[in-house]
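The values are calculated or read from the model by the stated rules, or taken from the named source; none is laboratory data. Computed from a prediction, not measured in an experiment: that's the story for all the values here. Cβ atoms come from the backbone with ideal geometry, glycine included; neighbour counts cover every protein chain shown.
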Amino acid sequence: MLTVNDVVKDYDAVMSSVEHCRTIWGGKWPEGLTLEQNLIDLGWHQKEFQIRRSFAYTVVAPDESMVLGCVYLLPASKAGYDAEVFLWIRQSHLQSGMEDRLFDAVRQWVAADWPFKAVAYPGRSISLADWKNLSSL
């Protein structure tokens, strides 16, 4: 679970991956993100996880010295889907193929262990442009 305890390592991962993060969600995020704002965001993710509304996971190095990325399972915001999943890996680890391997593992995990019938992977199984044009719930 992504928690407030991850704030320093998470902030480092996000800020070292600004360009890549923008390709995941589109827009200008994380422009203007401060450590304090990141702490607030992580607190929100943590609380949402605790009340079982959405689920944010941190991806860490085996020795837990570094946050390598995150995985987010969210309630669907678009008609025709039960859930939406976003994930990202640190920009410095992209050439290793880690993000593709993470995507494959997450897709298998969600299909096998989560109760969703229609899962969207915006920016992966559906383009961000097409995702944004779908009807909202």
Regarding the range 116-136, can at least one residue be identified that is among the aliphatic types (A, V, I, L, M), assigned to a helix (DSSP H, G or I) and at pLDDT below 95? yes
Candidate set from the range 114-137 (those that are closer than 15 Å to Thr23 by Cβ and free of Cβ contacts under 8 Å to residues at least 24 places away in the same chain); member that is surrounded by the most Cβ atoms within 10 Å (Cβ to Cβ): Arg124
If we keep just the residues of the range 78-113 that are in a loop (DSSP other than H, G, I, E, B) and touching a strand residue (DSSP E or B) at 6+ places or on another chain (Cβ under 7 Å), which is surrounded by the most Cβ atoms within 10 Å (Cβ to Cβ)? Arg90
Restricting the range 1-18 to residues that are under 15 Å from the mean Cα position of the chain (by Cα) and among the acidic types (Asp, Glu), the one nearest to Ser127 (Cα to Cα) turns out to be Asp10
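Do you know which of the residues in the range 84-137 that are aromatic (Phe, Trp, Tyr) and within 14 Å of the chain's Cα centre (by Cα) is farthest from Val60 (Cα to Cα)?
Result: Tyr121.
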Selection from the range 63-93 of residues hydrophobic (A, V, I, L, M, F, W, C) and under 13 Å from Ile24 (Cα atoms) yields Cys70, Val71, Val85, Phe86, Leu87, Trp88, Ile89
Is it the case that some residue within the range 119-134 is under 25 Å from Val4 (Cα atoms) and touching a strand residue (DSSP E or B) at 6+ places or on another chain (Cβ under 9 Å)? no
Residue list for the range 38-57, filter: free of Cβ contacts under 8 Å to residues at least 40 places away in the same chain, of a type outside the set (A, V, I, L, M, F, W, C) and not in a loop (DSSP other than H, G, I, E, B): Asn38, Asp41, Gly43, Lys47, Glu48, Gln50
